[in-house]
Amino acid sequence: MDVVVGLLLAIAAIIHLLPVVGVFGKSWVERLYGIGFEGPDLAILLRHRAVLFGLLGLLLAAAIWDENLRPAALIGGLVSDLAFLLVAGTDRGMNAAMRRVVVMDVISVVALISAAGTVLASR
């Protein structure tokens, strides 16, 4: 069971670590989300978002080995993913890159719910 939970957490961790490349600058953010923008304001916000995803991804990765971190990692990952899916669901005009983000978040939600279910079933 622990191997299954670890694999599911690894999937979610990788998904949350992928946007970290946005920290490296505006051009990375533009490629990642398929958007273009002028001025530093949006770039600052999205680069900060990349840092937060990095922290969440590291928490999910650490929870692979530390069972005490699993509740916080599972809840944090699910809240983040579900909040994004809720917001994204209100706007049908997103580009192809954003649709890929939606798909990745759905995969993450499935992995996190499966991991939570596996943890609860093993108690």
Go through the range 40-123 and tell me which helices (runs of 4 or more DSSP H), entirely inside it, have 2 or more residues that are touching a residue at least 60 places away in the same chain (Cβ under 8 Å). 70-88, 96-121
Residue check for VAL87: under 21 Å from GLY22 (Cβ atoms) and open to solvent by 40 Å² or more (accessible area, probe 1.4 Å): yes
Output the number of the condition that TRP65 fails; it satisfies all remaining conditions of (1) under 14 Å from the mean Cα position of the chain (by Cα); (2) open to solvent by 40 Å² or more (accessible area, probe 1.4 Å). (1)
Quick check on my filter: what residues within the range 102-123 are open to solvent by 30 Å² or more (accessible area, probe 1.4 Å) and of a type in the set (Val, Ile, Thr)? VAL102, VAL103, VAL106, ILE107, VAL110, ILE113
If we scan the range 26-45, do we find a residue that is within 15 Å of LEU8 (Cβ to Cβ) and open to solvent by less than 30 Å² (accessible area, probe 1.4 Å)? no
ARG70 surrounded by 19 or more Cβ atoms within 10 Å (Cβ to Cβ), closer than 17 Å to ILE14 by Cα and of a type outside the set (S, T, N, Q): yes
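The values are calculated or read from the model by the stated rules, or taken from the named source; none is laboratory data. Everything numeric here is computed off the predicted structure, so don't read it as measured data. Note: ideal-geometry Cβ built from the backbone for every residue, glycine included; neighbour counts use all protein chains shown. Just so you know, the surface numbers come from the protein's heavy atoms only, side chains and all, with ligands and any DNA or RNA stripped out. Shrake-Rupley method; radii C 1.70, N 1.55, O 1.52, S 1.80 Å.
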